[in-house]
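Q: Here's a structure for you.
Please treat every number below as a calculation from the coordinates, not as lab data. Everything numeric in this text was worked out from a predicted model, so none of it was measured. As a convention, Cβ positions derive from the backbone with ideal geometry for all residues, glycine included, and neighbour counts pool all protein chains shown.
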Amino acid sequence: MNSSDADRLIDQLIGEAVLSLLKERGPVTTEGLLQRLRVMKKHDKDPWRRETLAELIAEISSNSNAFIRRRAAQGRTKREGSLNENRNNVVPLFGKGKPSDPQKIH
């Protein structure tokens, strides 16, 4: 397995985990991602995917700077540092995040 194949698999696994969290309408947090990756590892039949999931879980769990630097070098994140340092990164795009009329939510 070459590094581009491994990177593609990592992207795919993270994408699958995040999509499943979004479909459940739950928060997408580092801990939620880790829990989902652990469930995926437990149920996956493919040894290559299980091994990659184990490595990915270990790297994210340890907040490995190497993981963050590698993702930044690949253009997949714009910052270096802890994955946990910016948990409150959700901001309303329009106004204060509340409807002007409580009866109108859409």
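Q: Could you list T52, T30 in order of exposure, starting from the residue whose Cβ has the fewest other Cβ atoms within 10 Å?
A: T30, T52
Q: Let me ask you something else. Check each of the trypsin sites (Lys or Arg not before Pro) in the range 18-52 and keep only those in coil by DSSP with at most 15 other C-beta atoms within 10 angstrom; list them in order.
A: The qualifying sites are R25, K45.
Q: Also, I was wondering about something else. Expressed as a whole percent, how much of the Cα-Cα distance distribution for the range 3-73 exceeds 15 Å?
A: 53
Q: Taking the Cβ of each residue in D7, D46 as the centre, tally the other Cβ atoms inside 10 Å and list the residues starting with the fewest.
A: D46, D7
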